[in-house]
1. Quick one: which of 13, 67, 58 is outside any loop (DSSP other than H, G, I, E, B) and modelled with pLDDT under 85?
2. Considering region 58-80 alone, what residues qualify as being of a type in the set (A, V, I, L, M) and surrounded by 19 or more Cβ atoms within 10 Å (Cβ to Cβ)?
3. For region 182-190, check the following and say yes or no: at least one residue is in contact with a strand residue (DSSP E or B) (Cβ under 7 Å, 6 or more places away or on another chain), exposed (fewer than 15 other Cβ atoms within 10 Å of the Cβ) and charged (D, E, K, R).
4. For residue 243, only one of the following conditions fails: (1) under 30 Å from residue 42 (Cβ atoms); (2) in contact with a strand residue (DSSP E or B) (Cβ under 7 Å, 6 or more places away or on another chain). What is its number?
5. Keeping to region 226-269, report how many residues are in a helix (DSSP H, G or I), of a type outside the set (Lys, Arg) and within 27 Å of residue 212 (Cα to Cα).
6. Restricting attention to region 171-186, does a residue exist that is modelled with pLDDT of 95 or more, more than 16 Å from residue 124 (Cβ to Cβ) and not in a helix (DSSP H, G or I)?
7. Those residues that are modelled with pLDDT under 95 and of a type in the set (S, T, N, Q), I need them from region 212-264; list them, please.
8. Only residues that are touching a residue at least 60 places away in the same chain (Cβ under 8 Å) and in a loop (DSSP other than H, G, I, E, B): list them for region 198-216, please.
Amino acid sequence: MPPMQKRAAISPTLVAFGRRFRRYREAAGLSQERAGRRANEGQGVTGQYVCQVEQGKTRCTREFAETMDRELGANGDLVELWDDLVMDAAFPTWFDWPPVESAANELVSFHATVVDGLLQTPAYASALLYGDKEAVDARMRRQNILTRDDPSPPLLSFLMDEAVLYRDVGGPQVMQDQFEYLVSRISDRLHVQVVPATAHLGASGAFTIATLEDRTEVAYVESAARGLTMSDPDDLAAMSRTLLELRSLALPQNQSIDLIRRTVEKRWT
């Protein structure tokens with residue numbers, strides 16, 4: 001039997017802000033969708049984003065709080081609560097990454113050892129997860145964001161080290177199928193680039209940066225023990241520097257596709 005997953009640790013301060021925000025919204029007689037259309041000086045956010053804020057699953061910006069304070073007639077209360085409860089609140093950790101991932105408008109990831117989970121085939125994922133069907137099914141469900149209709153799929157940019165092409169995961173047929181599938185997913189909203197096998201800052205490990213609807217950035221970093229969700233500006237700045245270097249080294253997408261196909265033909269066919 002697979003180990004029981006721990007419940008996600010949601011920041012109590014974000015939950016407290018979300019509850020108060022919901023009271024003001026309901027008192028104003030607005031649905032989540034209608035409130036969202038008034039957010040950020042009229043630029044608007046989706047009802048899904050408002051729901052995430054109310055459930056304490058994301059940390060809204062001060063601009064959001066300021067606009068909503070005015071639109072909902074909170075007389076400065078929501079802004080004060082944002083300063084007290086949200087400004088220094090940590091994002092949820094570990095199992096709370098999927099809601100952040102699902103709410104993102106943009107996702108940029110780098111992997112040094114394996115294909116990103118959003119692009120894995122069931123067989124490739126099963127090999128990595130030692131046949132744990134429950135874990136594989138959960139990973140496959142995450143991929144629904146690639147094909148959903150409402151909201152639209154996020155913009156996705158996947159960077160992977162060239163070493164990923166040569167690491168045997170499940171045998172030749174699994175590897176061949178995996179990279180054929182990866183190439184087939186490339187579109188105007190999903191980009192894949194290979195970073196040549198050389199020394200670079202990304203060698204320290206995999207990470208993903210999510211940009212939310214209000215342009216807030218949240219990062220997810222993988223470790224041997226568990227994943228960590230981060231929003232500290234210094235952490236994000238360090239990952240942005242790493243990403244800048246990786247993109248400067250990465251092959252253009254057409255050359256990356258050619259390299260993937262050549263490697264499959266020479267090594268996995």
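1. Numbers: 67 fails: modelled with pLDDT under 85; 58 fails: outside any loop (DSSP other than H, G, I, E, B).
After ruling out the rest, the residue left standing is 13.
2. In the first step, residues of region 58-80 are kept if they are of a type in the set (A, V, I, L, M); the result is 65, 68, 72, 74, 78-79.
If the condition is that a residue be of a type in the set (A, V, I, L, M) and surrounded by 19 or more Cβ atoms within 10 Å (Cβ to Cβ), then 65, 68, 72, 74, 78 are the ones that fit.
3. Applying the first criterion (in contact with a strand residue (DSSP E or B) (Cβ under 7 Å, 6 or more places away or on another chain)) to region 182-190 yields 182, 186, 189-190.
In the following step, the residues that additionally are exposed (fewer than 15 other Cβ atoms within 10 Å of the Cβ) were identified as 189.
Add one more test, that the residue is charged (D, E, K, R), and what stays is 189.
Yes, region 182-190 contains a residue that is in contact with a strand residue (DSSP E or B) (Cβ under 7 Å, 6 or more places away or on another chain), exposed (fewer than 15 other Cβ atoms within 10 Å of the Cβ) and charged (D, E, K, R).
4. Going through the list (1) under 30 Å from residue 42 (Cβ atoms); (2) in contact with a strand residue (DSSP E or B) (Cβ under 7 Å, 6 or more places away or on another chain), residue 243 breaks only (1).
5. Restricting attention to region 226-269, the residues satisfying the condition of being in a helix (DSSP H, G or I) are 233-249, 253-268.
With the extra rule that they be of a type outside the set (Lys, Arg), the set shrinks to 233-240, 242-246, 248-249, 253-260, 263-265, 268.
Okay, now just the ones that are also within 27 Å of residue 212 (Cα to Cα), so 233-240, 242-246, 248-249, 253.
Residues that pass the stated criteria total 16.
6. Initially, region 171-186 is screened for residues modelled with pLDDT of 95 or more, giving 171-186.
Then keep just the ones that are more than 16 Å from residue 124 (Cβ to Cβ); that gives 186.
When the remaining residues are screened for being not in a helix (DSSP H, G or I), the result is 186.
Within region 171-186, one or more residues are modelled with pLDDT of 95 or more, more than 16 Å from residue 124 (Cβ to Cβ) and not in a helix (DSSP H, G or I).
7. If the condition is that a residue be modelled with pLDDT under 95 and of a type in the set (S, T, N, Q), then 216, 223, 229, 231, 240, 242, 248 are the ones that fit.
8. Once the filter is applied, which keeps residues that are touching a residue at least 60 places away in the same chain (Cβ under 8 Å) and in a loop (DSSP other than H, G, I, E, B), region 198-216 yields 205, 206, 212, 213, 214, 215, 216.
The values are calculated or read from the model by the stated rules, or taken from the named source; none is laboratory data. Just so you know, these numbers come straight off a predicted model, no measurement behind them. Because the Cβ atoms are built from the backbone with ideal geometry, glycine has one as well, and the counts that use them run over all protein chains shown.
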